[in-house]
1. Which residue is farthest from Ile302 (Cα to Cα), if the candidates are limited to the stretch 321-332 and must be touching a residue at least 40 places away in the same chain (Cβ under 8 Å) and surrounded by 19 or more Cβ atoms within 10 Å (Cβ to Cβ)?
2. For a quick check of your reading of the model, give me the residue pairs whose first member lies in the stretch 207-222 and is under 15 Å from Lys241 (Cβ atoms), whose second is among the polar types (S, T, N, Q) and in a helix (DSSP H, G or I), with beta-carbon atoms closer than 7 Å and at least 6 apart or on different chains.
3. Looking at the stretch 396-414, can you tell me whether even one residue there is within 19 Å of Gly439 (Cα to Cα), under 23 Å from the mean Cα position of the chain (by Cα) and either among the hydroxyl-bearing types (Ser, Thr, Tyr) or not assigned by TED's automatic domain parsing to the domain that holds Phe436 (or both)?
4. Quick check on this structure: which one of Gly465, Gly431, Gly482 is in a loop (DSSP other than H, G, I, E, B) and touching a Lys or Arg at 6+ places or on another chain (Cβ under 7 Å)?
5. Name the helices (runs of 4 or more DSSP H) wholly inside the stretch 243-359 in which the number of residues that are at pLDDT below 65 and farther than 30 Å from Tyr84 by Cα is 1 or more.
6. Which ones in the stretch 468-516 are touching a Pro at 6+ places or on another chain (Cβ under 9 Å) and of a type in the set (S, T, N, Q)?
7. Right, Leu444: at pLDDT 90 or above, in the same structural domain as Gly494 (by TED's automatic domain parsing) and either in contact with a strand residue (DSSP E or B) (Cβ under 6 Å, 6 or more places away or on another chain) or not basic (Lys, Arg) (or both) or not?
Amino acid sequence: MKNASILLILIFFATALFSCKETVKDEKQTALDIISAQTMGIAYLEEFKLEEAEKEFLKLIKLAPNEKLGYANLGLTYLRMGKYKEAEKQLFKAIKIDPKDADVRLLLATVYQMDDNREKAVATLKEALKFAPDHVKILYFLSEIYSTELDETSQKQHESYTSQLAKKAPGNIVPLLNLTDIYIRKGDNDKAIEQLEIIQKQFPEFPKEAIDYFDKTLSLLKRSEKEKAIIQFIIFHNYMKVSFPYQAGIMELKGPGGSLIGFPLITYDQQTSLRIGEDESILDVIKFTNITASTGLDVVPIFASDGNSEFKNATHIEAADYDGDGDVDLYVGNFDPKSSSYKHYLFNNDMIKFKDVSNKVGVTHSGKESSATFADYDNDGFLDLYIVKEGSDVLYRNSGKEHFEDVTAIAKIGSKNGVNKALFFDLDHDGDLDLFEAGTGSNLAFRNNGDGTFQEQAKKMGLSGDGANSRDSAFGDFDDDGDIDLFVVNENTGNRLYSNQRQGIFKEIAEKSGLKNNGGSSAVAVGDFNN
């Protein structure tokens, strides 16, 4: 009897142990299935394959019924299908899980607006503003709704929300122009003039066709000639609508494509745990397979530092869809021990088959490189290629016709003494990409003139950092004032945080911000670590 009892206990524990292992295995697979369904669903949404997206989000809801993402993105799918009642139903479920998600409420308001239910759209947006008063897309949506109504109450609301938006997004030219239009039509000349002066200060370079109409508007307002001023301002406004700052502003307020049709939610709700087991996360169980050889990337030789120490830190890789065909291409620089020379490769991606096309498309420079970056410096919609290399840097313009042209001399850009980091961003907020280069001597800041040329202005902007030996840099709105700031890490001196003062001027505030150190830094990364 005693032996039988022991046997039963052993069987029980063995069964329990097996069950636990199976449970952990099932949980891992479920977590991976959740990620797969969400990723595939969003991919289908981006390609407007709505029926396929619907299936994936239904699968996600089944796998994670307490996760708002499935319901919200399924609601968006139905919105794009024109199934407004079904969209409303799914978005209600997402709101029940997270009542204070403003983006879900924005989607719901879009559903009501598309279904010609203005009252519900307005009520939904106003409810969202109670817990998200700084949500610029919601403020813009409300201002647009009220702009279509001519009654006095609606016009007051239009002005109120446009004014709020201008304060919440001070670096966005769209609400500034709209607010100016409101003041001119009201006959409030002083406020209209004030807005025009703000616009001129923040965006000093208008399209050349617009300058005369801006000047005439300002002159007519000062003479209190309202009706004539309105005509001149409308023309100025229309020219500004095709400018780079305006298009960037519209994207901020409406999203890519400039349409309030809704965009997917991608952040998992906090109720959904990404832990798989006691000591494992999703990242622990995701498996990668080495497909280097089968994709054609094994032509890049393995670097061995024996006798080639000067090339030790010269291997680099950059990824971008330079030809706009929807897949990611690669640029690689590396030392080739067989030829004892430095080589570069531009790999075109054709259905996960990579082919080096550097010579074919005109990327034919030589010399040791330290880095490269893709950026559309001329705003033609094609990613250009910038190479940081010994001797002098190289700028290749992408013509969009499977050809790159070396325009370094024409563009008047790049260091001839070697730099550590090249960073393209719109440092002066005029709608095109400028270039900052962190170097061993003085840093360089090339301002984009908008005509294919650049002008170096680091000292004038306060960014030269003489003798700091700057190793890396990153940009972002670090002081949350609506413009782009710059953080530079240095080897010889303390790190520096440059606050954008507008009009091409930066102020160093590292010590005040708490980021000051004694030097010795070599790299920086930027992100919202605490969400």
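1. Once the filter is applied, the top-ranked residue is Asp323.
2. Tyr213/Gln232
3. The answer is no; no qualifying residue exists.
4. Going through Gly465, Gly431, Gly482 in turn, just one is in a loop (DSSP other than H, G, I, E, B) and touching a Lys or Arg at 6+ places or on another chain (Cβ under 7 Å): Gly465.
5. 282-285
6. Gln503, the sole residue that qualifies.
7. It is true that Leu444 is at pLDDT 90 or above, in the same structural domain as Gly494 (by TED's automatic domain parsing) and either in contact with a strand residue (DSSP E or B) (Cβ under 6 Å, 6 or more places away or on another chain) or not basic (Lys, Arg) (or both).
Residue by residue, here is whether (1) assigned to a helix (DSSP H, G or I); (2) in contact (Cβ under 8 Å) with a residue 24 or more places away in the chain; (3) polar (S, T, N, Q) holds:
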residue: Val104; (1), (2), (3): yes, yes, no
residue: Gln113; (1), (2), (3): yes, yes, yes
residue: Asp116; (1), (2), (3): no, no, no
residue: Lys126; (1), (2), (3): yes, no, no
residue: Phe141; (1), (2), (3): yes, yes, no
residue: Glu149; (1), (2), (3): no, no, no
residue: Thr153; (1), (2), (3): yes, no, yes
residue: Tyr161; (1), (2), (3): yes, no, no
residue: Thr180; (1), (2), (3): yes, yes, yes
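The values are calculated or read from the model by the stated rules, or taken from the named source; none is laboratory data. Here the structure is a predicted model, which means the values were calculated and not measured. Cβ sites come from the backbone with ideal geometry, for glycine too, and all protein chains shown count toward neighbours.
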